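Down below is the structure, laid out as structure tokens.
The values are calculated or read from the model by the stated rules, or taken from the named source; none is laboratory data. What you see is a predicted model; the values in this text were computed from it and never measured. Glycine gets a Cβ as well: all are built from the backbone with ideal geometry, and neighbour counts include every protein chain shown.
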Amino acid sequence: MLVVALVGAGVGLAIGGTDGARDLLTEVGESNWGFIAFVATYALTVVLLLPGTLGTVTAGAVFGFPVGAAAALAGATIGSTCAFIISRAMGRDGAQSLFGSRLSNIDDFIGRNDFTSILVLRLMPIVPFNLLNYGSGLTSVRLSRYVLASVIGMAPATLLATGLGAQADNPRGITFLVLLGTLLVVLVGSSLWARRIRDRAVS
């Protein structure tokens with residue numbers, strides 16, 4: 001329920017800047033348990049295959065920057081690590097029931113160069129975040145390499161998205177517009193760069 005309330009408040013603030021949404025975000029952000037609770041609920045949403053983008057933006061609205069970036073990155077890292085471990089414990093048949101044949105493409109690509117492959121896939125916005133979490137658990141990649149590559153790959157978009165969340169109450173301001181433009185450039189640029197690395201690895 002907490003994550004639903006937080007995300008709902010974040011969306012409300014981003015769209016309309018309502019007083020109720022602002023009050024809830026302020027209360028959570030200033031509480032002693034707010035950071036830990038947010039990280040835990042964010043991680044849970046990742047395990048449950050819920051989209052994390054709104055949670056990342058909400059982290060910026062709740063805690064500001066850079067604390068919001070730390071909260072979002074911690075939650076995403078913990079959640080993706082838990083999903084990896086669960087997938088490895090479930091085995092291919094169990095994970096296949098969640099994602100179907102799409103897992104085979106992830107498996108084949110990561111098998112060539114585990115660290116670089118995961119880093120490349122994290123930087124490609126067209127690759128579903130949750131699919132990669134569970135798909136990686138079915139490969140031979142070591143957990144430590146998976147976590148490190150994931151953190152590095154998730155960091156650029158997380159930093160920018162939480163920065164946007166921190167400025168969500170002023171969506172027409174120059175800071176918000178600059179961050180939004182930068183995020184789009186990073187997403188496109190990282191995708192092109194990742195494709196180049198992928199092509200080199202295949203050739």
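Could you please give the count of residues in segment 133-148 that are surrounded by fewer than 22 Cβ atoms within 10 Å (Cβ to Cβ) and part of a helix (DSSP H, G or I)?
Counting residues in segment 133-148 that are surrounded by fewer than 22 Cβ atoms within 10 Å (Cβ to Cβ) and part of a helix (DSSP H, G or I) gives 5.
Which residues, counting only those in segment 149-185, are surrounded by fewer than 19 Cβ atoms within 10 Å (Cβ to Cβ), among the polar types (S, T, N, Q) and assigned to a loop (DSSP other than H, G, I, E, B)?
The one that is surrounded by fewer than 19 Cβ atoms within 10 Å (Cβ to Cβ), among the polar types (S, T, N, Q) and assigned to a loop (DSSP other than H, G, I, E, B): N170.
Pairs needed: first member in segment 101-129, at pLDDT 65 or above; second member anywhere, charged (D, E, K, R); C-beta distance under 6 Å; at least 6 residues apart or different chains.
D114/R145; F115/R145; V120/R198
Check whether at least one residue in segment 140-152 is at pLDDT below 85 and farther than 23 Å from A70 by Cβ, and report yes or no.
Yes, segment 140-152 contains at least one residue that is at pLDDT below 85 and farther than 23 Å from A70 by Cβ.
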